[in-house]
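Since the structure comes first, as structure tokens, the remarks are kept for the end.
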Amino acid sequence: MPWKATTTMEQKIEFICEWRTGKYTITELCKNFEISRPTAYKLISRFENQGYNGLKDQSRAPREHPNATGKNIVKSILELKAKYPRWGAKKIRTLLFNDFNKEIVPSVVTVHNILKKNGLVCPQKRMRRVKPVFPIFDPKSCNEVWSADYKGKFLMGNKIYCHPLTIADSKSRFLFTAKGHYKENLKSAKAEFKKVFRKYGIPEQIHTDNGSPFGSV
């Protein structure tokens, strides 16, 4: 049965005060306060054991969660972390299968949370935000923007295709290099770019298409 409109704590204290006078039976008190007998006896028991503090609302949350990780597993996780301090939750979880059945081994997320709760997870460094760079299509000076591309392969006399890599300044149209390669790959392009950089320096931007090897590795 619900308590009356006044605050619950006030009703509980009034109930105990009336009960302590000894003038009323439990039945009469339950009728006057519109509560059940089990509720009345529970309040009296709490008052006798804890005083008026026992009349406060008690938390209904279970003391132990039914799905909580076993203490022996938690202990094993912490021991493994101490043994392998550089290992993360995923690797540590894998070792748990050596000592526990797979049905009770917690998930990677749970292992991580246990390590974090015990202060064994180092916070990841936040990535520094880099100011976006917008392409310059109308350079005002030399070495501001370069352009690079593989210009039209052609078949040589030995029946092998040549792939000429060109790197040029977008302002002056000066051609830094026109190097023939057997393939359009990262290794060949990287080697040529390094030669040009050592000789002419590095521009603010380099414009390329999204083809290989510029748009993929």
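All of the numbers you see were taken from the coordinates with simple rules; none came from a lab. Note that the coordinates shown come from a computational prediction; the quantities given were computed from them, not determined experimentally. When we count neighbours, we look across all protein chains shown, and the Cβ atoms used for this are built from the backbone with ideal geometry, even at glycine.
Hey, got the dipole for region 145-207? About the Cα centre, +1 on K and R Cβ, -1 on D and E Cβ, debye to the nearest 20? Numbers along the way, then the final one.
On the way: 13 positive and 5 negative charges, 52 e Å.
My answer is approximately 240 debye.
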Region 84-92 - phi-based ³J(HN,Hα) in whole Hz, Karplus 6.51/-1.76/1.60, Gly and Pro as x: 10, x, 8, 7, x, 4, 5, 5, 5
Estimated distance in nm for a label pair at Lys131 and Tyr200, the labels positioned 7 Å out from Cα along Cα-to-Cβ: 2.6
Given charges at Cβ of Lys, Arg, Asp, Glu: the chain dipole, positive-most of Asn98, Leu155, Gln50: Leu155
0 to 90° range, to nearest 10: angle between helix 37-50 axis and the chain longest Cα axis: 80
Under-5 Å amide H pairs with Ser212, H placed in peptide plane, nonlocal only: none
Furthest towards positive pole of dipole, Gly201, Met9, Trp146, structure part the chain, Cβ charges: Gly201
Solvent-free Debye scattering, log10 I(q)/I(0), computed from the Cα coordinates of region 71-117 at q = 0.16, 0.25, 0.33 Å⁻¹: -0.34, -0.87, -1.56
For His207, distant residues with modelled amide H under 5 Å away: Trp146, Ser147, Ala148
Crossing angle, helix 186-200 versus the chain [Cα axis fit, 0-90 degrees, rounded to tens]: 70
HN-Hα J in Hz across region 147-155 - Karplus 6.51, -1.76, 1.60, θ = phi - 60°, x for Gly and Pro: 10, 9, 6, 8, 9, x, 5, 9, 8
Degrees, to the nearest 10: 71-83 long Cα axis against longest axis of the chain: 30
